[in-house]
Amino acid sequence: MSPLLLRAKARIRDAMKPVGEALVGAVTISLLRAARYFDPIKTANFLGRVTRLIGPLTLLTGVWDNLGRLGAEFAHLDHIWEHDPAFPEKSRIEIRPRTHELFAKLRLDEKPALIFAAHLGNWELPAVAAVAHGLDAAILFRRPNSASANQIIEKLRAVKMGTLIPAGRDAPLKMAEALRGGQHVAMLVDQYFTNGVDVTFFGRKTKANPTLARLLRQIDCPIHGTRIIRLPNHRFRAELSEEIAPVRDASGQIDVQQTMQAITSVVEGWIREYPDQWLWLHRRWR
């Protein structure tokens with residue numbers, strides 16, 4: 001293909017990109033608004049079935065089911081957290097005693113903390129769990145490309161998810177400021193990061209976002225992992241891990257690569273327990 005034709009195709013693609021993003025944004029807004037008018041459990045069941053059907057060659061059906069349910073649940077994010085410590089068996093959210101203890105420790109120790117999560121189960125709910133346990137939380141998130149979709153999504157997230165920090169060049173600075181202010185800063189750590197550090201994940205080399213470990217070099221604070229596992233009968237189990245010890249070099253400095261490897265190994269262990277609840281559709285190895 002001639003260079004002139006390639007440039008013409010590139011110009012057409014660039015011109016159509018805003019149109020595509022606007023279309024995706026409009027569809028996202030319509031689906032979220034429509035979902036809020038229906039019962040969240042029935043909607044989750046329906047979207048779970050739909051996304052299983054559109055999964056490629058019916059592979060990864062559990063992943064598609066989880067993704068469909070997550071979409072339906074996201075529309076009800078402002079009231080999906082149902083946990084009554086007095087009647088845990090009747091609550092939609094199951095929380096074991098040790099997780100309650102760890103959340104209480106984070107709330108009362110007057111220290112900042114770093115908390116990591118993965119695209120596992122319902123990955124929007126860990127932030128809701130933090131606020132529900134009284135933590136002053138700051139959450140790193142990625143804005144959708146569509147400004148209109150971002151507006152409604154941020155509105156849903158802002159209700160019970162603490163301070164929202166959009167991903168971008170200044171995000172590490174804002175996260176460091178939040179830590180210095182005593183907040184509990186959380187981020188997802190399981191996706192490929194082009195300029196990241198090398199880690200081994202399921203026996204293969206890949207790149208991990210080093211932000212969390214680099215923040216530890218500036219602010220010494222505890223690290224915990226959190227996940228929300230999907231259970232039968234439309235219930236969830238919220239878990240907070242024990243404190244993860246960072247890896248230090250011979251001089252006592254935080255070893256960024258090895259600390260991210262330790263965190264990646266925790267995430268790998270989670271996925272081995274519930275492989276159908278992890279978002280396998282992302283290109284984690286490149």
TODO: Search the structure for amide H atoms under 5 Å from the amide H of ARG248, placed 1.01 Å from N in the peptide plane, and list their residues when 5 or more places away or on another chain.
DONE: ASP255
- [ ] Sort PHE201, PHE193, PHE74 by accessible area with a 1.4 Å probe, largest first.
- [x] PHE193, PHE74, PHE201
Task: Inter-label distance, nm, simple model (7 Å from Cα along the C-beta direction), PHE46/ASP198 - done: 5.0
Open item on the list: Can you report the principal axis dimensions of the stretch 210-286 using only the alpha carbons, biggest first, rounded to whole angstrom?
Closed with: 50, 30, 17
Task: Carbon plus sulfur fraction of accessible area for the stretch 187-286, probe 1.4 Å, in percent - done: 47
Open item on the list: Looking at the stretch 173-222, I'd like the Rg to Rh ratio, where Rg is from alpha-carbon atoms and Rh is Kirkwood's inverse mean 1/r.
Closed with: 1.04
Task: Solvent-accessible ranking of GLU242, GLU94, largest area first, probe 1.4 Å - done: GLU242, GLU94
Task: Average projected area [Cα convex hull, the stretch 156-286], square nanometres - done: 9.6
TODO: Quote the accessible area belonging to VAL247 in square angstrom, nearest 10, computed with a 1.4 Å probe and with ligands, DNA and RNA left uncounted.
DONE: 50
Open item on the list: Taking the solvent-accessible surface of protein heavy atoms with a 1.4 Å probe, what is the per residue accessible area of the stretch 179-286 in Å²?
Closed with: 46
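The values are calculated or read from the model by the stated rules, or taken from the named source; none is laboratory data. Model, not experiment: these values are computed from the prediction. Using ideal geometry, Cβ is built from the backbone for each residue, glycine included, and neighbour counts are taken over all protein chains shown. The area values use the complete protein model at the heavy-atom level, side chains included, leaving out ligands, DNA and RNA. Shrake-Rupley method; radii C 1.70, N 1.55, O 1.52, S 1.80 Å.
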